Amino acid sequence: MSNFIGIRHEDKYVMERRAPLTPKHVERLIKNKKLDFVVQTSEKRVFTDEEYIQAGARIATDLKECSVIFGVKEMPVSFFEADKTYIFFSHVIKGQSYNMPMLRKMMETKCNLIDYERVVDEQGKRLIFFGRYAGLAGMINSLWSMGLRLKEAGYKTPFEQIRQAHQYSSLAEVREVISAVGQEIAEKGMPEELRPFTVAFTGYGNVSQGAQEIIGLLPVKEISPEKLLSLKQRSKLPDNLIYKVVFKEEHLVEPINENENFDLHEYYNSPEKFKSKFEQYIPYIDMLINCIYWDARYPKLVTKDYLQKLFESGTPKLRVIGDISCDVHGSVECTEKGTEIEDPIFVYHPDSRTHTMGHTGNGVLVMSVDILPSELPRDSSAGFADVLINYVKAIADCDFNDDFEALDLPRAIKSALILHRGELTPQYKYLETHLNEL
């Protein structure tokens, strides 16, 4: 088999424009590591075919001659070829039913699968990720959404100047715009009826940090969750501040057994022993930015039942939920779908438990774009490739015909090897249960 490295074009979403390796990174690998690249042609990728040609790669309509293929999102079942190595976000590690046919096909064709999401250090911290850029784009979109929502309610605010993230040419450009918005808020303030204006962040990892980078361009004062509950007297508060609140696990949940104290280790090991206590804060929040990891074992933070009661009492403060985590019916139960860049927001109507796309109507606006980093495609691809470049040669040089124990791979990459010659590796044997449910 050839040793050509392939870069696949992305086709899962219309506006997926990212690449796992940029032309500059490809050029470095060709010159410094003597690797050969074939890039699948793409009219929509943010980096043009010509940029890759100038970097020294070859452009082709397919990747038939490549033994190692890098992508970003899931690949069609028909794309996989026998005995090849594929590296992408496979979204199978939770046993996602919609991707089990893809995993089954890869097993049948004796493929090797490396998942970026499982490239972690010895402490389990992810090493290759788009999370920061999801946070950046998600916060930009949430501020844009707030401008639309407030305008509909009759308020004129500087947020109206902000556009959806993908409409900017670069992160630098959007920073300039939001910094100008921040300056205007600092000088002219916010309408009295909106004070105190509060933005809540659930989580404190890479996604949350990215989102907080953007809110940090505004005149922000950070307060504790406890302090949030006492921010009630509008007339005595400054009109030119945005209040930021970051919620950690101990603020979000509590033991079901009232005689027990919160223990983080216990929560992650036995989440079924905990319940949400987040609802007490929601009446004091204007914008919720959800950035937590969640699966079905964990309590929901915002339920449909709670939202129905909240809206029955009148129009609440909560106007926008930026669900960057984007778990459908997950920690934010009213996230009805992962939206696309070209149709990114909807209003959830608690009374009827329905939703309508767009920003109008009674309810809470939800921004739940499923591929947020692709709204900043050049910046996010470059940041991702800055780390991935360190592992490309080791993957390309590896003889995957060796036994699993003998594979010459960096520890972080070997831990991300879900399939080896079509077989689930020891760490991922649990996926057999999900495969058997097909």
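Bear in mind these aren't lab numbers, they're just calculated from the coordinates by the rules spelled out. Since the structure is predicted, the reported quantities are computational estimates derived from the model, not experimental observations. Reconstructed Cβ throughout: ideal geometry from the backbone, glycine too, with neighbour counts over all protein chains shown.
Return Arg195, Arg28 ranked ascending by Cβ neighbour count within 10 Å, so the fewest neighbours appear first.
Arg28, Arg195
Please work out the C-alpha center-to-center distance from the stretch 282-302 to the stretch 254-281 and express it in whole Å.
Centre-to-centre distance over Cα atoms comes out at 14 Å.
So for Ile345, Ile223, fewest C-beta neighbours within 10 Å to most, what's the order?
Numbers: Ile345 22, Ile223 17.
Result, fewest neighbours first: Ile223, Ile345.
For a quick check, take a GNM of the chain with Cα springs below 10 Å and name the residue from Ala19, Ala57, Ala153 with the largest mean-square fluctuation.
Ala153
Out of all DSSP beta bridges with both ends in the stretch 131-375, state the antiparallel percent to the nearest 5.
Looking only at bridges with both residues in the stretch 131-375, the antiparallel portion is about 35 percent.
Roughly what % antiparallel, to the nearest 5, for the DSSP beta bridges in the chain?
So the antiparallel bridges in the chain amount to around 30 percent.
What net charge is computed for the residues neighbouring Asn257, neighbours being all others with C-beta under 14 Å from the C-beta of Asn257, Lys and Arg scored +1, Asp and Glu -1?
So the environment of Asn257 carries a net charge of -3.
Beyond 36 Å, what percent of the Cα pairs of the chain remain? Before the final figure, lay out the partial values.
Numbers: 30846 of 95703 pairs.
Cα-Cα pairs in the chain separated by more than 36 Å: 32 percent.
Which of Tyr133, Tyr284, Tyr155 moves most in a GNM of the chain, Cα contacts under 10 Å?
Comparing Tyr133, Tyr284, Tyr155 in a Gaussian network model of the chain, the most mobile one is Tyr155.
Please identify the longest segment of the chain free of exposed GluC sites (Glu not before Pro), where exposed means a DSSP state other than H, G, I, E or B and no more than 13 other Cβ atoms within 10 Å.
That gives 123-257 as the longest site-free run.
Note down the nm distance, to one decimal, between modelled labels 7 Å out along Cα→Cβ at Ser97 and at Ser169.
Using points 7 Å along Cα→Cβ, the separation is 4.7 nm.
Classify the stretch 131-375: rounded, prolate or oblate, from the alpha-carbon gyration tensor (a ≥ b ≥ c, eigenvalue square roots; a/c under 1.5 rounded; otherwise prolate if a/b is larger than b/c)?
Rounded is the answer for the stretch 131-375, as its axis ratio a/c remains below 1.5.
Hey, with R₀ at 60 Å, roughly what FRET efficiency would Glu258 and Asn3 work out to, going by the Cβ-Cβ distance, to 0.05?
After rounding, the FRET efficiency stands at 0.45.
What does the helix-only formula give at 222 nm for the chain: each DSSP H stretch with n ≥ 4 adding -39500 (n - 2.57), the total divided by the residues, and the result rounded to the nearest 500 deg cm²/dmol? It would help to have the intermediate numbers written out before the result.
On the way: 13 runs with 130 residues, N = 438.
Estimated from H runs of four or more residues: -8500 deg cm²/dmol.
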